[in-house]
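Single-structure report; data block below.
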Amino acid sequence: MIVKKLGMVSGCGFPGAGYNERKVAEGVARLMAMENVDSAMRHKVELLHEAGFDCAGEIEKYLKERSRTYG
């Protein structure tokens, strides 16, 4: 197993969300944890992944709304 921990980001986006979603869509990865993310969002992402959906947009939106350094 390989775990990729994505570092802090400032500026205009959250590239880790797209990176992870591409790997999940390729079937070579799964989301192991979402630290400091409420349980409703984690559950939503898990359900969308099970249905085969890319969650990058949802994850980025969530992070942008809660980020202290975004923008």
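The values are calculated or read from the model by the stated rules, or taken from the named source; none is laboratory data. All values derive from a computational prediction rather than experimental measurement. Cβ coordinates were reconstructed from backbone atoms using ideal geometry, including for glycine residues, and neighbour counts include every protein chain displayed.
Would you please name the residue that is surrounded by the most Cβ atoms within 10 Å (Cβ to Cβ), looking only at residues in segment 47-60 that are of a type in the set (D, E, K, R) and under 13 Å from E21 (Cβ atoms)? By that ranking, first place goes to E60.
Results for (1) of a type in the set (V, I, T); (2) out of contact with any Asp or Glu (no Cβ under 6 Å at 6 or more places or on another chain); (3) modelled with pLDDT of 85 or more; (4) within 18 Å of F14 (Cβ to Cβ), shown as yes or no for each residue.
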site	(1), (2), (3), (4)
M34	no, yes, no, yes
V37	yes, yes, no, yes
R42	no, yes, yes, yes
E46	no, yes, yes, no
A51	no, yes, yes, no
D54	no, no, yes, yes
G57	no, yes, yes, yes
R68	no, yes, no, yes
